[in-house]
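Coordinate-derived values only; no laboratory data. Fair warning: this is a prediction, and the values are worked out from it, not measured in the lab. Heads up, the Cβs are rebuilt from the backbone with ideal geometry, glycines too, and the neighbour counts pull from every protein chain shown.
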């Protein structure tokens, strides 16, 4: 069958083809079936039967009429109807959609579809690349919290790519920190870059990033007077966030303080 036969058949049915997604495989009662997937605009209900008849090949349709489950429950399957040339058909779940974490995860009945997660208004393909992680980190504590929950539910390997994890480990190993408690400054050497930060700012930065072990080391090694100053810094940050109504950021600080044994 010519590669554009499906596109032409869809257009002949009055649909607008937006793009060719690619080849996917769907597991049916007859075994694995290869299908070319298109994004289209228009009414798709019943299209698979017309395509299967016209092309003399299995065809697939998917859309709102094939949502399996209650959308109000925020957890449902996105189904697809596969129709064979002899007129028989079956419905297969392609994606499981998690409305709590905005994750679309392909089911075991399909090959060739990408999982996605929506964070801060942007959709990312899973597993995440390093640049995705850096971008999400910049979107604030709510974004990081969503990512942590997704990892807890679906597993690290499905959410973060192996390459990103290896690069993060390498970068972490290359970071060297020198703290001058007397002057109140921190020298951070990361790879070939060097930066200087105020101790109080660096300490808060560690708390926001969830680097509790490193923050605890900085705190535990500080003289008593500096410890009191750091504790006061954390209290001020927490109270300011509460006053501004930034509950999610305040929660990050509170939870980090609790892990370090600091009483706010």
- Could you compute the FRET efficiency for residue 190 and residue 25, with r as their C-beta to C-beta distance and R0 at 45 Å, rounded to 0.05? 0.55
- Note on the structure: For segment 169-260, averaging the sequence separation of alpha carbon pairs under 8 Å that lie six or more residues apart and dividing by its residue count, the contact order in percent is 21 percent
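Which shape class, rounded, prolate or oblate, goes with segment 148-245 when its Cα gyration tensor gives a ≥ b ≥ c as root eigenvalues, a/c under 1.5 marks rounded, and past that a/b bigger than b/c marks prolate?
oblate
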- Query: Which translational diffusion coefficient, to the nearest whole µm²/s, is obtained for the chain from the Stokes-Einstein equation, given a Kirkwood hydrodynamic radius over C-alpha pairs, 20 °C and 1.002 mPa s?
  - Reply: 96 µm²/s
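Compute the relative contact order of the chain as a whole-number percentage, counting only Cα pairs closer than 8 Å that sit 6 or more residues apart in sequence.
Rounded, it is 9 percent for the chain.
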- Item | Stretchable slack from residue 177 to residue 74, in nm (0.36 nm times residue separation minus alpha-carbon distance) | 32.6 nm
- Nearest 10 degrees, 0 to 90: what angle lies between the long axis of helix 247-260 and the longest principal axis of the chain (Cα atoms)? 60 degrees
- Query: Taking the simple approach of a point 7 Å from Cα along Cα-to-Cβ for both residue 153 and residue 39, what is their distance in nm?
  - Reply: 2.3 nm
- The relative contact order of segment 50-194, taking Cα pairs under 8 Å that sit 6 or more residues apart, comes to a percentage of 12 percent
- Task: Please identify, among 103, 151, 196, the residue showing maximal mean-square fluctuation in a Gaussian network model of the chain using a 10 angstrom Cα cutoff.
- Result: 196
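As a check on your grasp of the helix formula, calculate [θ] at 222 nm for the chain: sum -39500 (n - 2.57) over DSSP H runs of n ≥ 4, divide by the residue count, round to the nearest 500.
Calculated mean residue ellipticity at 222 nm is -13000 deg cm²/dmol.
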